[in-house]
Amino acid sequence: METLRFVVCGRPECRQVFFLCSACDRGRRYCGAACSRRARAESVREAGRRYQRTRDGRHAHAARQAAWRQRQRQKVTHPSPPPGAPEATVASEPVQPAMEADTRASSARPLPHAPPSLPTCAFCGRTSPFLRHTTLARTHLGPRWRRARPP
Ligand SMILES: [Zn+2]
Ligand SMILES: [Zn+2]
């Protein structure tokens with residue numbers, strides 16, 4: 001018999017309550033794609049401070065690299081360009097993919113505030129009258145979650 005687990009979203013900023021069936025309860029800690037994506041972005045930022053700050057930063061970085069490569073090509077084709085000419089093409093290129101993705105993520109709250117009469121898996125829609133608060137995920141994800149900072 002299917003049971004659903006009562007889960008609170010792992011992002012402290014969200015704390016959305018939702019349910020997971022055992023099939024979907026594979027280390028999920030976030031209420032939806034928006035939160036898991038944001039949490040991933042945050043952990044990437046934590047892990048790789050030597051990289052650009054955010055995903056958006058990497059996008060901008062990639063765009064800058066493309067512009068740089070283009071400039072290199074232009075330098076090769078025109079070994080002695082007039083001063084200022086190749087830079088003009090680079091400067092006129094708008095690099096702004098960041099804010100769009102951010103607003104989408106914050107506005108996408110997939111779960112309704114009023115829960116249905118039966119608890120429903122937030123991911124596959126399975127319903128079950130049986131709930132458990134025992135967290136399966138905590139057994140394998142737990143150590144990191146519980147003691148985030150070793151003494
Ligand atoms: Zn969430
Ligand atoms: Zn499910």
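FYI, it's all coordinate maths here, none of it is from the lab. None of the values given here were measured: they were computed from a predicted structure. We place every Cβ from the backbone using ideal geometry, glycine too, and count neighbours over all the protein chains shown.
List the residues, sorted by chain then number, that are 5 or more residues from Phe123 or on another chain and whose placed amide H is less than 5 Å from its amide H.
Cys21
If packing is taken as the average count of other Cβ atoms within 10 Å, what order do 117-126, 13-22 fall into, highest mean first?
Final packing ranking: 13-22, 117-126.
In terms of modelled amide H atoms, which long-range or inter-chain residues lie less than 5 Å from the amide H of Thr3?
For Thr3, whose amide H was placed from the backbone, the distant partners under 5 Å are Ser22.
Can you list the residues, at least 5 places off or on another chain, whose amide H is less than 5 Å from the amide H of Val17, using H built in the peptide plane?
Amide H neighbours of Val17: Cys9.
By how many nm would the segment from His61 to Arg26 grow when fully extended, if each residue of separation counts as 0.36 nm and the alpha-carbon distance is taken off?
9.2 nm
Which ³J(HN,Hα) values in Hz, rounded to whole numbers, follow from the phi angles of the range 35-45 under the Karplus curve 6.51 cos²θ - 1.76 cosθ + 1.60, where θ = phi - 60° and Gly and Pro get x?
For the range 35-45, the Karplus-derived couplings read 6, 5, 5, 5, 5, 5, 4, 5, 6, 4, 5 Hz, x marking Gly and Pro.
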